[in-house]
Amino acid sequence: MFSVATNRFIPVLLSSVSMLLASCGGSSVSEKAGQLYEDAVQLNNGRHYQAALDLLDSIDSVYPEAIEVRRQAMALRPIVLEQLTNRQLEVADSLSAVCAFRLDSMSKSLRLVPNPVESYYVPQSDGATDVSGAVGLHARLSPDGRPYIIATSPGHLRTTSVSVSSGGASASTPSVTHDGERSDRSGANDVITFIEGECIEIGDFVAEHKTEPVAVTFSGDRTATVQLSESQKKGIASVFELASLIRQSKKNELEKQRLERMLQAVRSQIARTVRDTVPSGS
């Protein structure tokens with residue numbers, strides 16, 4: 001939102017710089033630099049903080065000899081940056097609030113399954129805990145928000161990978177070597193657990209095509225293709241959409257922390273500038 005407003009005023013910035021650089025003879029360097037400074041003040045007053053910062057920064061590079069104007073720009077810059085950072089924090093807070101609301105809403109579509117090794121969440125729509133006999137793909141979510149998929153093949157194919165397809169598009173997992181644990185062939189079907197890095201593409205694919213027919217192909221010594229059930233598609237979509245929200249929520253919090261640190265640093269700079277410009281004893 002803010003970047004759109006800023007981009008709209010980039011031509012104003014470039015026009016001001018270009019006109020001042022093109023002018024010759026009539027104005028001194030200090031006057032030209034002063035005009036850039038006044039333009040930056042106007043942009044700041046109009047709440048176009050990024051454009052104002054860009055203009056202030058251009059004074060240093062375009063008119064390095066305009067010492068007094070550069071000093072004014074240096075004093076104004078942290079004030080503008082403080083306002084820009086406050087605006088960005090407002091946006092970050094709004095994004096966090098929206099994300100938190102969506103997380104709370106979507107989390108109701110999963111239920112926790114206690115497990116002595118590690119508990120996990122299963123989608124309400126496809127919540128069977130023993131999936132060794134349920135052909136298809138079954139999504140799970142770890143307590144820290146990592147999605148994974150358990151693939152159950154139709155019979156013994158010596159399965160090593162799976163792919164999903166819909167409407168001419170497709171996505172695949174890498175191959176997983178049989179080890180008797182993540183890749184289990186001891187029962188009536190092959191059962192493979194694909195961890196987050198291996199299943200993110202097929203999970204996101206199913207979430208994107210959840211309203212369309214989706215086929216899953218099991219590949220090994222032989223191949224077999226079945227249609228994902230509506231409950232499996234819905235479950236995968238719930239898990240991977242929720243996992244995406246959890247990742248976004250973590251990014252939002254990191255961005256807020258970064259902006260809060262920046263705001264603290266800028267305010268310290270402003271305080272130092274005020275101290276340096278106020279005569280001692282006043």
Would you please list the contacts, defined by Cβ atoms under 6 Å and residues six or more apart or on different chains, that run from a residue in the stretch 215-243 that is touching a residue at least 40 places away in the same chain (Cβ under 8 Å) to a residue that is charged (D, E, K, R) and crowded, with 19+ Cβ neighbours inside 10 Å?
231/126; 232/126; 235/126
In the list 64, 78, which residue meets the criterion of being at pLDDT 90 or above and part of a loop (DSSP other than H, G, I, E, B)?
64
Members of the stretch 162-173 found to be open to solvent by less than 50 Å² (accessible area, probe 1.4 Å) and outside any loop (DSSP other than H, G, I, E, B), listed by number:
162, 163, 164, 165, 166, 169, 171
With the structure loaded, tell me whether residue 102 is open to solvent by 60 Å² or more (accessible area, probe 1.4 Å) and not aliphatic (A, V, I, L, M) or whether it fails that test.
yes
Look through the stretch 125-161, keep the residues that are among the hydroxyl-bearing types (Ser, Thr, Tyr), modelled with pLDDT under 90 and not in a helix (DSSP H, G or I), and return whichever of them is surrounded by the fewest Cβ atoms within 10 Å (Cβ to Cβ).
129
Every pair of residues 6+ apart whose Cβ atoms lie under 7 Å, when the first sits in the stretch 245-263 and is surrounded by 17 or more Cβ atoms within 10 Å (Cβ to Cβ) while the second is not in a helix (DSSP H, G or I):
246/145
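Is it the case, given these coordinates, that residue 205 is of a type outside the set (D, E, K, R), outside any helix (DSSP H, G or I) and either more than 13 Å from residue 138 (Cβ to Cβ) or open to solvent by 10 Å² or more (accessible area, probe 1.4 Å) (or both)? Spell out the reasoning first.
Details: of a type outside the set (D, E, K, R): yes; outside any helix (DSSP H, G or I): no; either more than 13 Å from residue 138 (Cβ to Cβ) or open to solvent by 10 Å² or more (accessible area, probe 1.4 Å) (or both): yes.
No, not satisfied.
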Within the stretch 185-197, which residues are free of Cβ contacts under 8 Å to residues at least 40 places away in the same chain and surrounded by fewer than 21 Cβ atoms within 10 Å (Cβ to Cβ)?
185, 186, 197
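Quick check on this structure: which one of 234, 210 is open to solvent by 70 Å² or more (accessible area, probe 1.4 Å) and assigned to a helix (DSSP H, G or I)? Even if it seems obvious, please write down each step before you answer.
Details: 210 fails: assigned to a helix (DSSP H, G or I).
Unique residue meeting the criteria: 234.
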Conditions (1) in contact with a strand residue (DSSP E or B) (Cβ under 7 Å, 6 or more places away or on another chain); (2) open to solvent by 40 Å² or more (accessible area, probe 1.4 Å); (3) modelled with pLDDT of 90 or more -> residue 122 fails only (2)
Which one of the conditions (1) surrounded by 13 or more Cβ atoms within 10 Å (Cβ to Cβ); (2) closer than 24 Å to residue 253 by Cα does residue 94 fail to meet, given that it meets all the rest?
(1)
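The values are calculated or read from the model by the stated rules, or taken from the named source; none is laboratory data. Given the structure is predicted, the values throughout are model-derived calculations rather than measurements. When we count neighbours, we look across all protein chains shown, and the Cβ atoms used for this are built from the backbone with ideal geometry, even at glycine. The protein model used for the area step is the full one, side chains on, heavy atoms only, and it has no ligands, DNA or RNA in it. Shrake-Rupley method; radii C 1.70, N 1.55, O 1.52, S 1.80 Å.
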